[in-house]
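**Student:** Please find one structure pasted underneath; my questions will follow.
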Amino acid sequence: MDTTKIKQIIALFEESSVAKMDLEIDDIKISLEKPKAEVSYVQAAPVAAAPIAAPSLETQKESQVVGEAIKSPLVGTYYAAPAEGEDTFVSVGKKVKQGDTLCIIEAMKVMNEIKAEKDGTIVDISVKNGDMIQFDDVLMYIE
């Protein structure tokens, strides 16, 4: 089984409502389990009219930053460098070429390199090393 199929299985599992899955194909065994979410209920007082919500910080930042957003293709932990104590892959102002590694996202103990899809300059990095990120979170902007 190649790694793309494993990544597809993980992505399907993460998007599903299934809490635990064990899969065995030939000599490969995969066990996936989502953390249990604690749910609490709060009864809200009735509201006469809903106030207009202020734009979120991310929306405000997106409107201030020029460039194309590079978004996370999966859920995991963001790493800016190949290993602790080493130089980061990119920094603000660095020119990158298509195919250059921008960062690593660790998902299910698999290190996934995120590569530049085009040539450009990094104009903003929206996350910090070690941050937990969700699917489609903005990682950085390229111009």
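Here, each number is a calculation from the coordinates, and none is a lab measurement. Quick caveat, the model's predicted, so the values are computed rather than measured. Here the Cβ positions follow ideal geometry from the backbone for every residue, glycine too, while neighbour counts run over all protein chains shown.
**Student:** So if we plug the beta-carbon distance of Ser31 and Thr77 into 1/(1 + (r/R0)^6) with R0 = 25 Å, what FRET efficiency do we get, rounded to 0.05? Walk me through the numbers on the way to the answer.
**Tutor:** Values: r = 19 Å, r/R0 = 0.77.
It comes out at approximately 0.85.
**Student:** Considering all alpha-carbon pairs of the range 65-142, what whole percent are spaced by more than 20 angstrom?
**Tutor:** For the range 65-142, the share of Cα pairs beyond 20 Å comes to 22 percent.
**Student:** Could you give the length gained by full extension between Glu68 and Met108, i.e. 0.36 nm per residue of separation minus their alpha carbon distance, to one decimal place? Working shown, then result.
**Tutor:** Working: separation 40, 0.36 × 40 = 14.40 nm, distance 2.80 nm.
That works out to 11.6 nm of additional length.
**Student:** I've got another one for you. Taking amide H positions as placed 1.01 Å from N in the peptide plane, with prolines and chain starts having none, which residues 5 or more places from Leu102, or on another chain, fall under 5 Å of its amide H?
**Tutor:** Excluding prolines and chain starts, which carry no amide H, the hits are Ile114, Lys115, Ala116.
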